[in-house]
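First the structure, in the form of structure tokens, and then the observations on it.
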Amino acid sequence: MNLPLFNAATRTCVRLIAESYERLLGRTLVEGPDIVAALWSAPSAIVAHGREADPIFFFGNATALRLFEMPFEDFTRLPSRRSAEPLLREERAQLLERVTRDGFIQDYAGVRISAKGARFRIERAVVWNLIDSQGMVQGQAAAFDHWTPIDDQ
């Protein structure tokens, strides 16, 4: 999967994912001279949404797109709440409230659903606020290395 062509504004937003992670957690999310390319190709699934009333994903890396079984163009039109099944959306809303209050969490686990209906459980996810240089929250991001397919049959 090739790195999408990002304009300057989008590259700034994507870089904020790594910058906020490092600022809040005190460690590096990805390494390399081009942070956007490093985020894109990271083995961890990394996603981020803005702060719209119904937040929309603006980034999902190649690993996340494989898990969610959708192309970048579709993923970046998806309200982030739709990445969880309807019955699990309340749990997700409580998670986001904790992140808003505390800045980040490192222990999230939950079930997500792909565009093709495949369910998978994520564990030990880190979720953090995207905070710009003026201290304003611009959205939230998540990264996770541990996921397990759920076989409903």
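Please treat every number below as a calculation from the coordinates, not as lab data. Quick caveat, the model's predicted, so the values are computed rather than measured. FYI the Cβ positions are ideal-geometry reconstructions off the backbone, even for glycines, and counts take in every protein chain you see.
Go through 41, 55, 99 and say which Cα lies farthest out towards the positive end of the charge dipole of the range 8-150; charges sit on Cβ, +1 for Lys and Arg, -1 for Asp and Glu.
It is 55, whose Cα lies furthest towards the positive end.
Using Cα springs under 10 Å in a Gaussian network model of the chain, which residue among 126, 137, 30 shows the largest mean-square fluctuation?
Comparing 126, 137, 30 in a Gaussian network model of the chain, the most mobile one is 137.
Which is farthest toward the positive dipole end of the range 8-150 among 20, 115, 136, measuring Cα position about the Cα centre, with Cβ charges +1 (Lys, Arg) and -1 (Asp, Glu)?
Positive-most Cα among the choices belongs to 115.
Can you pull out the trypsin sites (Lys or Arg not before Pro) in the range 43-86 whose DSSP state is coil and whose Cβ has at most 14 other Cβ atoms within 10 Å?
Answer by residue number: 51, 77.
What does the charge add up to near residue 44, with Lys and Arg as +1, Asp and Glu as -1, over the other residues with Cβ less than 15 Å from its Cβ?
Computed value for this residue: 0.
Any idea what the dipole of the chain comes to, in debye rounded to 20, about its Cα centre with Lys/Arg Cβ at +1 and Asp/Glu Cβ at -1?
Dipole size: approximately 100 debye.
Which GluC sites (Glu not before Pro) in the range 10-103 sit in a loop by DSSP (not H, G, I, E or B) and have at most 12 other Cβ atoms within 10 Å of their own Cβ?
Those that pass, being in a loop and sparsely packed, are 31, 52.
How many angstrom lie between the C-alpha centres of the range 76-153 and the range 1-75?
Comparing the Cα centres of the range 76-153 and the range 1-75, I get a distance of 14 Å.
Of the listed values (1) 36, 19, 17; (2) 31, 15, 14; (3) 22, 18, 15, identify the label whose number matches semi-axes √(5λ) of the Cα gyration tensor in Å calculated from this model.
Recomputing semi-axes √(5λ) of the Cα gyration tensor in Å here picks out (3).
Amide H neighbours of residue 29 under 5 Å, counting only residues 5+ apart in sequence or on other chains, H built in-plane at 1.01 Å?
Excluding prolines and chain starts, which carry no amide H, the hits are 22.
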